[in-house]
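A short write-up of the structure that comes next.
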Amino acid sequence: MTRVKFVAGNWKMNTNKAQAVELAKAVVAGAKAISGVQIGCAVPFVYVDAVGQVLNDTNVMLGAQDAYFEKNGAFTGEISVEMLKDLGAKFCLTGHSERRHVIKETPELVGKKADAIYSAGLTLVHCVGEKLEERDANKTLAVVEAQMKELQPAKLTDPSRLVIAYEPVWAIGTGRTATDAQAQEVHAFIRDLMGKMWNADFASKVRIQYGGSMKPDNAKGLMSQKDIDGGLIGGAALKADSFLKIVEAGK
Ligand code: PEP
């Protein structure tokens, strides 16, 4: 089964409007020459519109980092999936470790958001990953399994619109990357688990990204692993040249 690799930048709460537009333009310019890899940028809510205008009709997909599960109504400060779709967003993250552990989103909330994003027709990038103390206590696979079970197989039926991002929390923004073998072990576990939650055919079609200090110099090794189908890139996505080098490594 050949899965087209998907490399997405997660800009987090960075850039101002001018910088966001400039970064998007530089990514688009470099991405023009790249084929065979799906490329995306998950941008801050307030710049989705401006960046969307730059990404429109290019091979770089517009994404968001979060969305609320209700369609509209009295949810002060929240942004719905419909609003993001209205601005051209094609994919959206859920369960990023910063939302789980800094913003304190519960598994129940993450699951509702995942359902809303997929049901609205967007590609869902569902992030899972263990904290350092959980890895040290040999709980990695149990933590990842519980986070995978936030998803509802009966509703998520199109494998091309589901992406799992395995992001060990201890590797995010720390400069400490999982080794190729450590990452592959968890990716293989996730694929096997999806085989049980859905079926083997479905599991073979879902892309599983690695995230956690992926950089131009370690991207090739990670993405050459059998079950690593791309990357979710934080820090290195804030510079077009390093992001594009990672995209190239996915070819
Ligand atoms: C992320 O936030 O999803 C991420 C992987 O960050 P970084 O690449 O900076 O570790």
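Coordinate-derived values only; no laboratory data. No experiment lies behind these values; they were computed from the predicted model shown. Here the Cβ is made from the backbone with ideal geometry for all residues, glycine too, and neighbour counts use every protein chain on show.
General observations
To keep it simple, each residue is scored yes or no on (1) closer than 25 Å to Ser213 by Cα; (2) aromatic (Phe, Trp, Tyr); (3) buried (at least 18 other Cβ atoms within 10 Å of the Cβ).
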{"residue": "Arg100", "(1), (2), (3)": "yes, no, yes"}
{"residue": "Gly111", "(1), (2), (3)": "no, no, yes"}
{"residue": "Cys127", "(1), (2), (3)": "yes, no, yes"}
{"residue": "Glu130", "(1), (2), (3)": "yes, no, yes"}
{"residue": "Asn138", "(1), (2), (3)": "yes, no, no"}
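- When residues of the range 94-112 are limited to those that are within 16 Å of the ligand (Cβ to nearest atom) and not in a loop (DSSP other than H, G, I, E, B), the one farthest from Ala165 (Cα to Cα): Val102
- The helices (runs of 4 or more DSSP H) located wholly in the range 146-251 that include 2 or more residues which are within 25 Å of Arg99 (Cβ to Cβ) and not hydrophobic (A, V, I, L, M, F, W, C) occupy 180-197.
- Residue, surrounded by the most Cβ atoms within 10 Å (Cβ to Cβ), within the range 63-93, restricted to residues that are assigned to a loop (DSSP other than H, G, I, E, B) and among the polar types (S, T, N, Q): Gln65
- Residue in the range 220-238 that is over 15 Å from the mean Cα position of the chain (by Cα), on the phi < 0 side of the Ramachandran plot, aliphatic (A, V, I, L, M) and more than 15 Å from the ligand (Cβ to nearest atom) present: no
- Selection of the range 195-211 for residues being touching a strand residue (DSSP E or B) at 6+ places or on another chain (Cβ under 8 Å) and either over 19 Å from Pro159 (Cβ atoms) or not basic (Lys, Arg) (or both) yields Val206, Ile208, Gln209, Tyr210, Gly211.
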